[in-house]
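> Okay, handing you the structure first.
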Amino acid sequence: MVRVRLAPSPTGTLHIGTARTAVFNWLYARRQQGSFLLRIEDTDKERSKPEYTQNILEGLRWLGIDWDEEPLIQSEQVQQHRAAIETLLQKGLAYRCYANEAELEAMREAQKASNQAPRYDNRHRNLTPEQEAAFQAEGREAVIRFRIDDTAEIRWNDMVRGAMSWRGADLGGDMVVARRAPADQIGDPLYNLVVVVDDAAMAISHVIRGEDHIANTAKQLLLYKALGLPEPTFAHAPLILNGEGRKLSKRDGVTSINDFRAMGYTAEAIANYMTLLGWSVPEGMEERFTLPEAAAVFSFDRVNKAGARFDWDKLNWLNGQVLHALPAQQLLDELHPLWSEQGWTLPDDSSWGLDLCELLGPSLTLLKDGVDQAKPFFECPDLEDDGKSQLEAEGARDAVAQLLQTLEADPWDGGDMDRAKQLLGDAAKGAGVKKGVVMKSLRAALLGRLQGPDLMTTWSLLARIGEDLPRLRRCLG
């Protein structure tokens, strides 16, 4: 049975790279009718925070990603990690290294001076008992290192990249699997060791992660073999790149799912776009889809090896498509909290907010656009330059005056559109101007400018809350 996992570190908010990894794992699990699991890798005690764990879980839920078992907390498994290291020590596959930081730094400087690649020189691999006793007598602490045979050939068949091969000599020397501690103790276990132990304990069948983990995979495969654990199948997805082709990072600005959400992107659009960051849709499938729709056809033979460039235009297009398709009630549910943050309240007329959403929906790209575009319906806008110019055009004020005079005698309630059109025609005739002058002048009066949504619907909405007459009057003051 397919069992995959997401293993985020709660040292920050949910990053788009982590979220994309979650999406690929979730899609594969659902396609294979397997299980998608979570493991919180909180062994970085100083940087891990409960609020980050909460942020990650909430972000995944927001994206529509669910998991099948209670999340495993890595720090609670430390006894199993230490037991695995003890096993390696007993088998002679790991050893204590007493080199201190000053000695290691001197080694690195010497390698740098002679243009050698940085690597541990395995200097304490074969200490005699007497040498170890001497170091201990000095009061030295030790890390624990896993022996890596330079002649080893590490091979695996990657679901994205095909046949992969690494040499032991390219892995940087014997690998630290536990931090420095007194010689009679095992220090805090480190990433490559604990990941192997945890994945085996969780019966993970497939490890799906970013290509920046490829070197880790080579090291971990050696540990699986040394510990006698079953090896999972690996898939290394392409990195998400910025516009210059470099790995997307905080320097590029927005990288957190929180940031995208605050900017007004929908969960559906973000999840849709993250799926497209490295995966090509099958022939005949549209690029706009839901996660369940993608899960029905997802496979790793359509995941690209090359890095996936982040395209804001594509994301904006997808988000616009999602918003344009939202029913008015759903859009109102999304926008109402944003309007409330501005101090705006909906009128008692229960259909008014729905009608406003019907008007604005087709022009939205981001949810926050629904705040900017709704503002003139809640607050009287200032007259902008093009609005002022229109009202100064020949016959414009006369037309506004004609319209206002009629409305003050018999106000329009915003319902009968035929009457509204008749009012505009009568105003044009009374002022001796074309109907287009009246309509442009009305738009300038209501919205303060000449650009905006459908005029008749705009007028209707404002008339229904008694806001059309005050805006007409200000143009004649």
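The values are calculated or read from the model by the stated rules, or taken from the named source; none is laboratory data. Keep in mind it's a predicted model, so treat the numbers as computed, not measured. Glycine gets a Cβ as well: all are built from the backbone with ideal geometry, and neighbour counts include every protein chain shown. Surface accessibility is based on the protein's heavy atoms, side chains included, excluding ligands, DNA and RNA. Shrake-Rupley method; radii C 1.70, N 1.55, O 1.52, S 1.80 Å.
> For Asn192, are the conditions met, namely being closer than 30 Å to Val2 by Cα, buried (at least 17 other Cβ atoms within 10 Å of the Cβ), among the polar types (S, T, N, Q) and in contact (Cβ under 8 Å) with a residue 24 or more places away in the chain?
On the way: closer than 30 Å to Val2 by Cα: yes; buried (at least 17 other Cβ atoms within 10 Å of the Cβ): yes; among the polar types (S, T, N, Q): yes; in contact (Cβ under 8 Å) with a residue 24 or more places away in the chain: yes.
It is true that Asn192 is closer than 30 Å to Val2 by Cα, buried (at least 17 other Cβ atoms within 10 Å of the Cβ), among the polar types (S, T, N, Q) and in contact (Cβ under 8 Å) with a residue 24 or more places away in the chain.
> Then there's this: Among the numbered conditions (1) of a type in the set (Gly, Ala, Ser); (2) open to solvent by less than 50 Å² (accessible area, probe 1.4 Å); (3) in contact (Cβ under 8 Å) with a residue 60 or more places away in the chain, tell me where Ala215 comes up short.
(3)
> If the Cβ limit is 8 Å and pairs must be 6+ apart or interchain, which residue in the range 425-441 that is over 15 Å from Gln405 (Cβ atoms) pairs with which residue that is among the polar types (S, T, N, Q)?
As it stands, the answer is Lys440/Gln390, since those pairs meet every condition given.
> Does the range 146-159 contain at least one residue that is under 23 Å from Tyr98 (Cα atoms), of a type in the set (Lys, Arg) and assigned to a strand (DSSP E or B)?
No - not one qualifying residue is present in the range 146-159.
> Do you know which residues across the range 132-171 are under 21 Å from Ile85 (Cβ atoms) and open to solvent by 50 Å² or more (accessible area, probe 1.4 Å)?
Glu132, Gln136, Glu141, Arg147, Asp149, listed by residue number.
> Among what's in the range 239-280 and is of a type in the set (Val, Ile, Thr) and assigned to a helix (DSSP H, G or I), pick the residue that is farthest from Asp372 (Cα to Cα).
Per the criteria, the residue is Thr275.
> Looking for something more than 28 Å from the chain's Cα centre (by Cα), of a type in the set (Val, Ile, Thr), outside any loop (DSSP other than H, G, I, E, B) and under 30 Å from Ala29 (Cβ atoms) - is there at least one such residue anywhere in the range 181-202?
For the range 181-202, residues more than 28 Å from the chain's Cα centre (by Cα), of a type in the set (Val, Ile, Thr), outside any loop (DSSP other than H, G, I, E, B) and under 30 Å from Ala29 (Cβ atoms): present.
> Let me ask something additional. Restricting attention to the range 224-234, does a residue exist that is β-branched (Val, Ile, Thr) and surrounded by 18 or more Cβ atoms within 10 Å (Cβ to Cβ)? Talk me through it step by step, then tell me what you get.
Keep residues of the range 224-234 that are β-branched (Val, Ile, Thr), which gives 233.
Now drop any that are not surrounded by 18 or more Cβ atoms within 10 Å (Cβ to Cβ), which leaves none.
Scanning the range 224-234, I find no residue that is β-branched (Val, Ile, Thr) and surrounded by 18 or more Cβ atoms within 10 Å (Cβ to Cβ), so the answer is no.
> Can you run down the residue pairs with Cβ atoms below 7 Å, 6 or more apart or on separate chains, where the first is in the range 278-294 and under 14 Å from Glu268 (Cβ atoms) and the partner is assigned to a loop (DSSP other than H, G, I, E, B)?
Qualifying pairs under 7 Å: Glu287/Val281; Leu291/Gly64.
Rundown of residues vs (1) crowded, with 19+ Cβ neighbours inside 10 Å; (2) closer than 30 Å to Leu315 by Cα, yes/no style:
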{"residue": "Val371", "(1), (2)": "no, yes"}
{"residue": "Gln390", "(1), (2)": "yes, no"}
{"residue": "Thr406", "(1), (2)": "no, no"}
{"residue": "Gly430", "(1), (2)": "no, no"}
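> So which residues in the range 262-305 are of a type in the set (Lys, Arg) and closer than 20 Å to Asn242 by Cβ, if there are any at all?
Within the range 262-305, the subset of a type in the set (Lys, Arg) is 288, 302, 305.
If the condition is that a residue be of a type in the set (Lys, Arg) and closer than 20 Å to Asn242 by Cβ, then Lys305 is the only one that fits.
> Then there is this: Might you check whether a residue that is assigned to a strand (DSSP E or B), within 30 Å of Ile16 (Cα to Cα) and in contact with a Lys or Arg (Cβ under 7 Å, 6 or more places away or on another chain) occurs anywhere in the range 165-172?
yes
> Determine which single condition Ala306 fails, assuming it passes every other condition in (1) outside any helix (DSSP H, G or I); (2) touching a helix residue (DSSP H, G or I) at 6+ places or on another chain (Cβ under 8 Å); (3) in contact (Cβ under 8 Å) with a residue 40 or more places away in the chain.
Ala306 satisfies all of (1) outside any helix (DSSP H, G or I); (2) touching a helix residue (DSSP H, G or I) at 6+ places or on another chain (Cβ under 8 Å); (3) in contact (Cβ under 8 Å) with a residue 40 or more places away in the chain except (2).
> Starting from residues that are open to solvent by less than 30 Å² (accessible area, probe 1.4 Å) and aliphatic (A, V, I, L, M), keep the ones in the range 457-476 and report whichever is farthest from Gln402 (Cα to Cα). So that I can check it myself, show each step before the final result.
Taking the range 457-476 and keeping what is open to solvent by less than 30 Å² (accessible area, probe 1.4 Å), we get 458-463, 468-469, 471-472, 475.
Filter once more, keeping what is aliphatic (A, V, I, L, M): 461-463, 469, 472.
Working: Leu461: 21, Leu462: 19, Ala463: 17, Leu469: 12, Leu472: 11 Å.
Filtering first and then ranking leaves Leu461.
> Same structure, new question: Just to check your reading of the model, which residue among Gln32, Gln77 is in contact with a helix residue (DSSP H, G or I) (Cβ under 8 Å, 6 or more places away or on another chain) and in contact (Cβ under 8 Å) with a residue 12 or more places away in the chain?
On the way: Gln32 fails: in contact with a helix residue (DSSP H, G or I) (Cβ under 8 Å, 6 or more places away or on another chain).
Gln77 is the lone residue from the list that is in contact with a helix residue (DSSP H, G or I) (Cβ under 8 Å, 6 or more places away or on another chain) and in contact (Cβ under 8 Å) with a residue 12 or more places away in the chain.
> Taking the range 109-132 as the search range and keeping residues that are charged (D, E, K, R) and touching a residue at least 12 places away in the same chain (Cβ under 8 Å), which one is farthest from Asp174 (Cα to Cα)?
Applying the filter and picking the extreme gives Glu132.
> Now for a different question. Can you run down the residue pairs with Cβ atoms below 8 Å, 6 or more apart or on separate chains, where the first is in the range 220-246 and under 19 Å from Ala152 (Cα atoms) and at pLDDT below 95 and the partner is surrounded by 18 or more Cβ atoms within 10 Å (Cβ to Cβ) and aliphatic (A, V, I, L, M)?
Once the first residue is under 19 Å from Ala152 (Cα atoms) and at pLDDT below 95 and sits in the range 220-246, no partner that is surrounded by 18 or more Cβ atoms within 10 Å (Cβ to Cβ) and aliphatic (A, V, I, L, M) comes close enough.
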